[in-house]
1. Calculate how steeply helix 4-16 sits against the longest principal axis of the alpha-carbon atoms of the chain, using the helix alpha-carbon long axis, and give the answer as 0 to 90 degrees to the nearest 10.
2. Please work out the Cα convex hull volume for region 70-197 and give it in Å³ per residue.
3. Starting from the Cα of Ser120, step 7 Å along the direction of its Cβ; do the same at Arg15; then give the gap between the two resulting points in nm.
4. Ignoring ligands, DNA and RNA, what accessible area per residue does the chain give at 1.4 Å, in Å²?
5. What part of the accessible area of the chain, given as a whole %, is carbon or sulfur when the probe is 1.4 angstrom?
6. Between Arg99 and Arg135, what is the label-to-label distance in nm when each label sits 7 Å out along the Cα-to-Cβ direction?
7. Helix 108-120: angle to the longest alpha-carbon principal axis of the chain, degrees 0 to 90, nearest 10?
8. In nm, give the distance between the simple-model label positions of Thr127 and Met165, each being 7 Å from the Cα along the Cα-to-Cβ direction.
Amino acid sequence: MVTAEQKMQLMLALRNHRVNDNRVLQAMEAVPRHLFVQGHFQARAYEDMALPIQCGQTISQPSVVGKMTMALDVGPRHKVLEVGTGSGYQAAILSHLSRRVYTVERHRPLARQANKVIESLGLVNVTVISGDGSRGLPDQAPFDRILLTAAAEDPPANLLAQLRMGGIMVLPVGQTDAVQSLIKVEKTENGLVYTELEPVRFVPLVEGVAQDT
Ligand code: SAH
């Protein structure tokens with residue numbers, strides 16, 4: 001059973017990790033993380049740790065989700081693309097902060113499950129798409145914000161091309177078996193501005209669609 005006290009512990013852990021933006025904290029408080037994991041992991045959903053989900057993937061650590069969401073600086077009028085739906089947890093948080101969320105996942109079973117939970121929460125501004133997110137979503141571009149929750153070796157050119165002028169993209173970069181860096185890329189009239197934020201560890205961005213059904 002999930003108690004109010006467990007949820008409060010998580011909110012405290014977030015603040016201790018310098019997740020201090022009130023809009024982000026409110027969005028995270030509003031999203032029941034235990035619904036995005038299964039079986040006995042539900043009991044640990046309000047601890048500040050990554051947990052396994054289907055298809056050998058992971059739901060990210062809440063404090064990392066908080067920092068990525070802060071770095072993305074999402075506003076209520078923004079159209080956001082997330083690459084790597086996973087459980088759908090991050091997409092649900094973005095749903096509270098933005099106008100419209102498109103999220104793409106290469107494992108069909110994950111996309112299906114994430115969509116089910118997001119629908120059950122009534123988050124009608126989120127569209128879950130099963131496909132290869134490394135190509136972005138040209139039909140819906142440009143995006144105000146783009147978030148990758150899988151690590152690329154470099155910011156994918158396809159995605160940078162789908163970022164609106166003035167837009168922000170946040171992503172982990174680096175090799176899978178090493179520590180990666182979370183970076184922020186801003187598209188300005190004078191070119192791309194890169195800021196390195198902190199060391200992180202994510203599953204790799206893999207091209208193509210997974211062959212599970
Ligand atoms: N944001 C997720 C955590 C994601 S884990 C959450 O809140 O739970 C990273 C996810 O990226 C994995 O599910 C993986 O399958 C997915 N992924 C990796 N490469 C991808 C690609 N090219 N297109 C779409 N999804 C991809």
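1. Helix 4-16 and the main axis of the chain meet at about 40 degrees.
2. Looking at region 70-197, the number lands at 98 Å³ per residue.
3. That separation, rounded to one decimal, is 3.1 nm.
4. Per-residue accessible area for the chain comes out at 48 Å².
5. Using a 1.4 Å probe with all protein chains present, the chain comes out at 49 percent carbon and sulfur.
6. 2.7 nm
7. For 108-120 against the chain, the angle is about 60 degrees.
8. Placing both labels 7 Å beyond Cα along the Cβ direction yields 2.5 nm.
The values are calculated or read from the model by the stated rules, or taken from the named source; none is laboratory data. Here the structure is a predicted model, which means the values were calculated and not measured. Note: ideal-geometry Cβ built from the backbone for every residue, glycine included; neighbour counts use all protein chains shown. To get the accessible areas, we keep the full protein, side chains included, count just its heavy atoms, and leave off ligands, DNA and RNA. Shrake-Rupley method; radii C 1.70, N 1.55, O 1.52, S 1.80 Å.
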